[in-house]
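First comes the structure, then the notes that go with it.
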Amino acid sequence: MAGGFSISRVDALNVFDTQLVAAGNFASAGGAFASSIAQWNLSFWSALQAPVPQVLAMEQLGSRFIAAGSFLQSTTNQTPAHNIIDWNGSTLARVQNPLCCGEGTNGTIRALKSFTGLSTSHLVVGGDFTVAGGVTANRIAQFNQQLINGGWVTLGAGFNNSVNAIERFNNVIYAGGTFTSSGQSLISKIAQFNGTIWVAVGTGVNGTVNAMKVFNGFLYVGGDFATAGGISTGCLARWNGTTWSTFSGIPGNILVGSVTALEVHNNKLYVANTFGSSTHVLELNGTSLPLVGTANGVISALKSDGNHLYVLGGFSTIGGVNANRIARWNATAGWSDVEGGTNDVVNTLGV
């Protein structure tokens, strides 16, 4: 059998569905991440499929379409992809170092952000992992798409807890989540990368960051918090590169509850807000947030294709129409379902 197990032991072997299954106390098999249990298909080792595989983020990287989350996915001509995979229009492939290795990550990916710099496409990846492409990367890493000297690289010391959102603002990478430190530096839930280390964004926010979006010269940040930079902002705040303010810049004008998603659609910012038992889609309109529609379940993401704003989540009605977990809206046609929707929660949508 090609490769072997990481330093530890195998306690049991069995055959299931034409594959040999090995169980014991190990972290990898044949170079593939495999936490205590792995399968052999006569060609290569791989981890067993995650109990509840999920795609949590999608992004375009140059001419490639990237999907990421918590899954083990077969590729076209390679060993399976761990938590991140790309599609070039004809084949599924691992997101790996061009000249050698890269099995994805050893934990869930929750956020993706691509950008182009120095004629190279880059993808910043955040989540719950501690290894990316075979290199140590605490909850955040970057993939550089180059034929030579490309591949996975670390970004500073990373973080001590999950990254839920990534955004680029004024050519700087920002990360938000549940973390409280990067290396020895205390950082409260949101940080910016200065090219070498992660540094605090003012004094940060006092609760989880779920979403970030650049709009009209500000970085808007939403989540489960009530203050940002020590001022009362509610669950939606904005950062101008120097100071924090409320979403409208007016003290006392705040949004309460939780923000789960943000999206820019037709030059307006849209906000998914949960307050009590209600979930709303709101539109930023100067100093106010008028209601666009109310859903009877969680909203996990918003996505614009330029014509419609798509709303995704775990609802069955929104804006007064039946829509199973996915709906769309525009100012002319209002709300509608999308071909009957789905039978379970929708986490993300790619365009």
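The values are calculated or read from the model by the stated rules, or taken from the named source; none is laboratory data. All figures in this text were calculated on a predicted structure; none of them were measured in a lab. When we count neighbours, we look across all protein chains shown, and the Cβ atoms used for this are built from the backbone with ideal geometry, even at glycine. For accessibility, only protein heavy atoms count, side chains too; no ligands or nucleic acids. Shrake-Rupley method; radii C 1.70, N 1.55, O 1.52, S 1.80 Å.
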Under 22 Å Cα to Cα from LYS268, which lysines show up? Leave out anything in the same chain fewer than 8 places away.
LYS113, LYS213, LYS303
Quick check: residue separation of ALA93 and ASN161 times 0.36 nm, minus the Cα distance between them. What number comes out in nm?
21.6 nm
Gain upon complete extension [THR75, ASN240; 0.36 nm per residue less C-alpha separation]:
55.2 nm
Whole-Hz Karplus couplings 3J(HN,Hα) for the stretch 153-170, θ = phi - 60° and coefficients 6.51, -1.76, 1.60, Gly and Pro as x, run 9, 7, 10, x, 8, x, 9, 8, 7, 4, 9, 9, 8, 9, 8, 10, 9, 6
Could you give the size of the charge dipole of the stretch 215-329 about its Cα centre, using +1 on the Cβ of each K and R and -1 on the Cβ of each D and E, expressed in debye and rounded to the nearest 20?
100 debye
Between ASP305 and ARG9, what is the label-to-label distance in nm when each label sits 7 Å out along the Cα-to-Cβ direction?
5.6 nm
Run the numbers for VAL135 and SER63: contour at 0.36 nm per residue of separation, minus the present Cα-Cα distance, in nm.
23.4 nm
Going by amide H atoms built from the backbone, whose H comes under 5 Å of the H on SER245, apart from near neighbours?
ARG238
What ranking do 107-116, 56-65 get when scored by the average of other Cβ atoms within 10 Å per residue, highest first?
107-116, 56-65
Given the whole protein assembly as supplied and a 1.4 Å probe, what does the accessible area of ARG328 come to in Å², nearest 10?
80 Å²
Could you give me the ³J(HN,Hα) list for the stretch 250-260, computed from phi with Karplus coefficients 6.51, -1.76, 1.60 and θ = phi - 60°, whole Hz, x at Gly and Pro?
9, x, x, 8, 10, 10, 9, x, 9, 9, 9
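For the chain, which semi-axes, largest first and in whole Å, follow from the square roots of 5 times the eigenvalues of its Cα gyration tensor?
Numbers: eigenvalues 266, 118, 67 Å².
Largest first, the chain gives 36, 24, 18 Å.
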Please report, in cubic angstrom per residue, the volume enclosed by the convex hull of the alpha-carbon atoms of the stretch 171-211.
62 Å³
